[in-house]
Amino acid sequence: MTSTQPENLPEISPAEWEVMRIVWTLNGAQTHELISSLQEKMDWTESTIKTLIRRLQQKGYLERQGTQRPYVYQATITEQAGINQQTDALFANLCAMHVGPTLIRLVKNNTLSQQDLTELSQLIATKQATAPAVVACDCLADCQVENQGECHE
């Protein structure tokens with residue numbers, strides 16, 4: 001895996017995520033493995049899959065190892081770095097006062113391990129000591145949040 005900085009990479013589509021998930025899971029994948037796995041899972045054509053692979057190479061997420069077939073594709077960033085980049089991009093688009101409810105929904109709607117929950121509990125306890133009573137809206141310079149959670153100047 002190369003040392004490409006994930007913050008320099010463009011966002012990827014849900015279809016491109018499917019390709020990356022296989023590459024990350026297999027710690028690199030040959031073209032035929034990607035085609036076979038994605039045709040089984042997504043019912044995509046070979047040309048669609050090759051197009052996705054090419055786009056991921058152009059975006060800097062995949063690199064092809066060697067010059068002879070079968071080609072092996074390696075991720076240029078770790079799965080966690082890719083997830084962090086996408087999550088950071090999503091949350092950067094949210095109003096600050098909606099981050100908490102969004103995180104609550106994520107925790108509520110996803111299965112978490114005992115270790116995950118322990119770490120979350122410890123982090124929450126630490127952050128609670130310095131948390132503001134209310135998180136202000138950051139959508140407008142002079143935003144005044146009213147009781148319905150709507151921002152008004």
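The values are calculated or read from the model by the stated rules, or taken from the named source; none is laboratory data. Please read all numbers here as calculations on a predicted model, not as lab measurements. Using ideal geometry, Cβ is built from the backbone for each residue, glycine included, and neighbour counts are taken over all protein chains shown. When the accessible area is computed, the model is the full protein with side chains, heavy atoms only, and any ligands, DNA or RNA have been set aside. Shrake-Rupley method; radii C 1.70, N 1.55, O 1.52, S 1.80 Å.
Some observations on this one:
- Test: residue in segment 39-51 that is closer than 30 Å to C137 by Cα and not charged (D, E, K, R): no
- Residue match in segment 82-102 (condition: in a helix (DSSP H, G or I), modelled with pLDDT of 95 or more, out of contact with any Asp or Glu (no Cβ under 9 Å at 6 or more places or on another chain) and farther than 30 Å from D142 by Cα): no
- Evaluation of T126 against the conditions (1) farther than 19 Å from V19 by Cβ; (2) open to solvent by 70 Å² or more (accessible area, probe 1.4 Å); (3) under 23 Å from the mean Cα position of the chain (by Cα); (4) of a type in the set (S, T, N, Q) shows that the sole unmet condition is (3).
- Contact map, segment 64-91: first residue within 20 Å of L26 (Cα to Cα), second residue basic (K, R) and open to solvent by 40 Å² or more (accessible area, probe 1.4 Å), Cβ cut-off under 9 Å, separation 6 or more or different chains; pairs are Y71/R64; V72/R64; Y73/R64; Q74/R64; E79/R21.
- Hey, D138 outside any helix (DSSP H, G or I), charged (D, E, K, R) and at pLDDT below 95 or not: yes
- Total residues in segment 29-45, condition under 22 Å from Q68 (Cα atoms) and loosely packed, with under 15 Cβ neighbours inside 10 Å: 1
- Among the residues of segment 56-89, those identified as of a type in the set (V, I, T) and either open to solvent by 30 Å² or more (accessible area, probe 1.4 Å) or at positive phi (or both) are T67, V72, T78, I83, T87.
- Residue match in segment 27-50 (condition: touching a residue at least 24 places away in the same chain (Cβ under 8 Å) and either assigned by TED's automatic domain parsing to the domain that holds I104 or among the acidic types (D, E) (or both)): no
- Subset of segment 103-135 [closer than 30 Å to I12 by Cα, part of a loop (DSSP other than H, G, I, E, B) and polar (S, T, N, Q)]: N110, T111, S113
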